[in-house]
Amino acid sequence: MDERLSELLDQILGASQFLNINQNPVVVSTSAAVKPDVAQALIQYSFLPEVIAELLCCGVVKMRAWSPVKDELLRNLGEELGSRSDGATHFTILKNCLRKEAGLDLDAGHTPAEATAVMIRNVRTWITDRTLHEAAGALYALEASATPELKVVGHIINLYATAALGKLLVSEKYDDDHASGIGPWTLDRFLAIHVVDFEKGHRDLLADALAEFVVQDRDRDLFCQGFRAVIEEMETWWTALGKRNAQNP
Ligand SMILES: [Fe+2]
Ligand SMILES: [Fe+2]
């Protein structure tokens with residue numbers, strides 16, 4: 001992906017409040033009066049990692065004519081399903097860590113809020129029903145936003161844990177030391193390894209694979225439209241989660 005395009009995409013990410021640790025709507029609505037109800041926002045967020053494998057499957061089908069892109073999406077999907085985590089899906093690891101460390105049970109009959117369902121449906125549609133370039137932009141938006149979003153989520157986990165448990169659960173240090181380790185997974189290691197390894201790979205290798213297909217001005221315009229649309233869907237979703245959080249007693 002050339003410099004002009006990646007600068008434009010970085011600008012879009014940089015202007016998104018939900019990806020900013022101080023401006024994310026759930027962080028803002030929580031910081032006013034720290035309260036354990038931010039758990040609801042974490043539970044709603046978790047629907048995204050829960051459906052990410054399905055969205056990648058949609059991407060694999062959609063991008064089947066762009067071989068290197070399809071192959072990278074398959075590799076990425078394999079990781080999400082456990083190819084580098086002893087067969088445990090990333091969502092299962094996250095779910096188990098949230099239950100063990102934070103006492104949050106994602107299986108306790110939670111349903112997606114309207115805003116969550118709408119976001120997932122609209123993102124899926126951008127992947128399945130639009131041009132190849134728009135779909136590619138939509139898929140790249142998911143991967144390019146994952147790292148800053150996970151850092152925000154790590155911060156929200158700490159806001160929750162401070163209020164509910166009187167302690168921090170995540171170091172918020174995303175480096176090799178925190179990403180490595182043996183034994184049972186922890187939230188800290190799960191988030192750190194995503195930042196330094198999994199999501200970095202998803203973003204960079206997808207960008208490499210896309211380079212030969214996003215060349216003409218028309219390609220870039222469509223790609224950016226798909227990218228921007230998904231980032232806007234996520235901004236709208238997080239804004240709704242912030243409003244719900246502010247309304248909780
Ligand atoms: Fe993952
Ligand atoms: Fe990813």
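All of the numbers you see were taken from the coordinates with simple rules; none came from a lab. Since the model is a prediction, treat every value here as computed from it, not as a measurement. Note that we place each Cβ from the backbone using ideal geometry, even for glycine, and neighbour counts take in every protein chain shown.
Assuming R0 = 30 Å, can you tell me the calculated FRET efficiency for the pair residue 124 and residue 218, based on Cβ-Cβ distance, to the nearest 0.05?
Once rounded, the FRET efficiency stands at 0.80.
Stick to Cα atoms and the Kirkwood definition of Rh, then tell me Rg/Rh for region 77-168.
1.03
Using a ≥ b ≥ c from the Cα gyration tensor of region 1-150 (square roots of the eigenvalues), is it rounded, prolate or oblate, where a/c under 1.5 gives rounded and otherwise the larger of a/b and b/c decides, a/b for prolate?
Oblate shape, in that a/c is at least 1.5 and b/c is the bigger or equal ratio.
Over region 41-247, what is the relative contact order in whole percent, taking alpha-carbon pairs under 8 Å and six or more residues apart?
27
With a/c under 1.5 counting as rounded, go ahead and sort region 63-124 into rounded, prolate or oblate using the C-alpha gyration tensor (a ≥ b ≥ c being the square roots of the eigenvalues; past the cut-off, prolate if a/b is larger than b/c, else oblate).
Oblate shape, in that a/c is at least 1.5 and b/c is the bigger or equal ratio.
Would you kindly state how much longer the chain becomes between residue 31 and residue 86 on full extension, computed as 0.36 nm times their sequence separation minus their alpha carbon distance, in nm to one decimal?
16.1 nm
Over all alpha-carbon pairs in region 41-247, figure out the percentage whose distance exceeds 22 Å.
49
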